[in-house]
Structure formats: C-alpha cells, structure tokens
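Just below is one structure, and these are the notes that go with it.
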Amino acid sequence: MAEPAISLQDIYRARAAIAGSVRRTPIVASASLSAIAGVPVYLKLEQLQETGAFKLRGAVNRLSGLTPDEQARGVVTMSTGNHGRGVATAARKLGTRAVICMSRLVPANKVAAIRALGAEIRIVGASQDEAEVEAKRLVAEEGLVLVSPFDDAHIVAGQGTIGLEILEDLPEVGTVLIPVSGGGLAGGIALAVKTAAPRVRIVGISMDRGAAMYESLKAGHPVAVTEAESLADSLGGGIGLDNRLTFALMRDLLDDLILVGEEEIAAAMRHAYWAEQQIVEGGGAVGISVLLGGRAGRLPGPVLCLLSGRNVDMARFTEIVSAGPLAAPGGEGARP
Ligand SMILES: *Cc1c(COP(=O)(O)O)cnc(C)c1O
C-alpha cells in the first residue's frame, strides 16, 4: 500500500478542530441484530449528530481551516443534501457565505433544511456531476472556495474522527460496516481504525443503483455512472474522474464493498424503526441491510454498524415503516 496522503495525525488534529462543534455520538448494543448475525452487533448512532448526519464533522474541519481571505470570499459545494447541510451549518457559525449546488434528485426536505440555515441554493441538472459543474463555475466567476463533499484531506480527516471514537468505545471491534458513496466517510474511518488495529475488517456498502465507487474499483480507475433515484439518495453521485484521494483509500483499505437493493434498504429502515426505535434514512441504514440478509458472510465480531444519517422525508418514512415490523429475527421473514 502506498503512503496515504492523510495520516492518523491529521485525524487527531481534526478532532481538536471540531471539538465543541460536533457531538460524540453513542455506541449502543443491538440485541435484535446480534441474534440475527450470531455475533455481538453495536450501532453507532451518528444519525443523532447535529444536522442529522456525520457530514458536519468534515465540513466543520474544512471550514475551520479557511484563511480570513477565504472566509470573506465564501464557500461553494455540490451535495446530495447532507454535506450541504453540514457546510451551511459550519458557514453560518463563521458568518461566511455558502452556496450549495444540488441536482433535482435531492429530496425537498433536505433542500428546505439547507435553505433554513441561510445558505444560497442552486438546483442544477439531474446528477451531482452536473451540480459540480455549476459549483466550479461559481469558483471561477465569483471567487468562492470549493469544498468537495469527500475528495479533500480535511473532509476525510473530519469523518475519520468517527474511527477514533469507535476504537475508544469498542476497542475489541472486529468488523466495521460503513455506507459508501464518495468514500470520504469510509476512507477516514478505515484510516483511523486500520492504522491502530490492522486486523479490523472494514466493509463498505453502497446501493446497487449507480454505485460509482463500486464500478470504479471494478474498473481499476474512477468511472462515471448514471445517477438514479433511490431510497439511499445520500449515496448517489459520482466519485470524480479526477479523484485524488478517496479512490485510492477505498482500493487500499476496504476489505469488501457490498451492493444492496431498494427492498433491502426499505427492510433496514423498518428494522431500525421497529426493533431499535431509530429513525434512519435509506443511505444511513445499509449496514443493517447487510446484517439482515447475511450478505457479508460470517463477520469477525463484535460488529460495529454505523448509522450515518436520519434526514429522510417523514411522509415517505411513515409509508415505509407502516408495513410493520419484519418477522422474527433469524426467521424467513427477516430476509428482505
Ligand atoms: C454522504 C453520506 C454517506 C456517504 O459518505 P461518503 O463520504 O460520500 O462515502 C453515507 N451516509 C449518509 C447519510 C451520507 O449523507
């Protein structure tokens, strides 16, 4: 493995930079998933983060490093929703202008939450790649500072602080299940965890509709995919054909990357709600999909399943969970 462009030291620095602005989220045991998996399963409740998703960590770390001149110019980013909300929150605290570029696929509840934070919104095209073109135009024309949603050392290090918390709160951890889109989250956590404990298995999960990182790893280089609507809207978007950091991190540090379908995502949301009393958005629940379906084979325990966000449209959520609980753990009905 090549020397990573980000070190454990960067992640400790990030932790100091974001302390006070970001919650340390709890890790709780899951009796229902432990019974299904046959090993102890714990959930890290990152959906309880302020802004309802982990992305605040990276955003605060990135914006805390802005020079006074950059702060005065303002920031711009492209987002599937949760990163934009994190950036809008961090910018508001600094009193910095923030412009969030999003595609038409971003759910209305996420757009509304960003608008409420006082950020400027641009809805462009039908993919995060198209939103990125608009963001880069604003960099060129208005001098805004581009904040990548994942392919940035400060963003990766910020998300990596979750890995430090996992090692401290569950030092015996055997496997970590992490939702993957651009790979900033899994890259940061894998770096933190594997540097200290190389034996830990890191398993990424993406949705099977337009999984850019999965297709890129298969091809051996970053490739473009067509973005599609999904319950896991927060896992959409490309990884950038000029990806600098996260492709290599995923290639070098992921032990496995599993794809899950829409039915499996819905089942995970239902399970989180009925068996764990947790409200989790589709993209945040895919670790549970893998456990419910036994999709990763036998995993070294204890398993830490990261729940990464909860910013789901509540009318849609209510529809999904109204189907009731899944059948008894381990029974036929537990398979989505
Ligand atoms: C962004 C996001 C992810 C994926 O993070 P990446 O760093 O892009 O891989 C997972 N879950 C939720 C809820 C997200 O918002």
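The values are calculated or read from the model by the stated rules, or taken from the named source; none is laboratory data. Predicted model only: the values in this text are computed from it and were never measured. For neighbour counting, all protein chains shown are included, and Cβ atoms are generated from backbone atoms with ideal geometry for every residue, glycine included. Surface accessibility is based on the protein's heavy atoms, side chains included, excluding ligands, DNA and RNA. Shrake-Rupley method; radii C 1.70, N 1.55, O 1.52, S 1.80 Å.
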(request) Say whether the condition of being more than 25 Å from Asp313 (Cβ to Cβ) and open to solvent by 10 Å² or more (accessible area, probe 1.4 Å) is met by at least one residue in the stretch 118-133. (result) yes
(message) Against the definition (open to solvent by less than 50 Å² (accessible area, probe 1.4 Å), more than 20 Å from Ala53 (Cα to Cα) and at pLDDT below 95), how does Leu326 come out, yes or no?
(response) yes
(request) Return yes or no: is Tyr42 open to solvent by less than 70 Å² (accessible area, probe 1.4 Å), in contact (Cβ under 8 Å) with a residue 24 or more places away in the chain and either away from the ligand (no atom under 16 Å from the Cβ) or assigned to a loop (DSSP other than H, G, I, E, B) (or both)? (result) yes
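Only one of these is within 16 Å of the ligand (Cβ to nearest atom) and among the basic types (Lys, Arg): Arg122, Arg85. Name it.
Details: Arg122 fails: within 16 Å of the ligand (Cβ to nearest atom).
The conditions single out Arg85.
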(message) On the basis of being touching a Lys or Arg at 6+ places or on another chain (Cβ under 6 Å), away from the ligand (no atom under 12 Å from the Cβ) and either open to solvent by 10 Å² or more (accessible area, probe 1.4 Å) or not acidic (Asp, Glu) (or both), does Thr175 make the cut?
(response) yes
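Considering each of Ala59, Ala14, Ala53, Ala37 in turn, give the residue that is within 30 Å of Glu141 (Cα to Cα) and surrounded by 17 or more Cβ atoms within 10 Å (Cβ to Cβ). Quick ask: steps written out before the conclusion?
Working: Ala14 fails: within 30 Å of Glu141 (Cα to Cα); Ala53 fails: within 30 Å of Glu141 (Cα to Cα); Ala37 fails: within 30 Å of Glu141 (Cα to Cα).
Answer to the selection: Ala59.
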(message) For the stretch 62-77: of the residues being open to solvent by 10 Å² or more (accessible area, probe 1.4 Å) and in contact (Cβ under 8 Å) with a residue 60 or more places away in the chain, which is farthest from Pro179 (Cα to Cα)?
(response) Arg73
(message) Given the options Ser230, Ser206, name the one that is of a type in the set (S, T, N, Q) and not in a loop (DSSP other than H, G, I, E, B).
(response) Ser206
(request) Go through (1) crowded, with 20+ Cβ neighbours inside 10 Å; (2) in contact (Cβ under 8 Å) with a residue 40 or more places away in the chain one by one and return the number of the condition Ala272 breaks. (result) (2)
(request) For the stretch 193-206, indicate whether the set of residues that are touching a Phe, Trp or Tyr at 6+ places or on another chain (Cβ under 7 Å), open to solvent by less than 10 Å² (accessible area, probe 1.4 Å) and either among the hydroxyl-bearing types (Ser, Thr, Tyr) or farther than 25 Å from Ala59 by Cβ (or both) is non-empty. (result) yes
(request) Please enumerate the residues belonging to the stretch 301-325 that are more than 19 Å from Asn82 (Cβ to Cβ), touching a residue at least 60 places away in the same chain (Cβ under 8 Å) and either assigned to a loop (DSSP other than H, G, I, E, B) or away from the ligand (no atom under 16 Å from the Cβ) (or both). (result) Gly301, Pro302, Val303
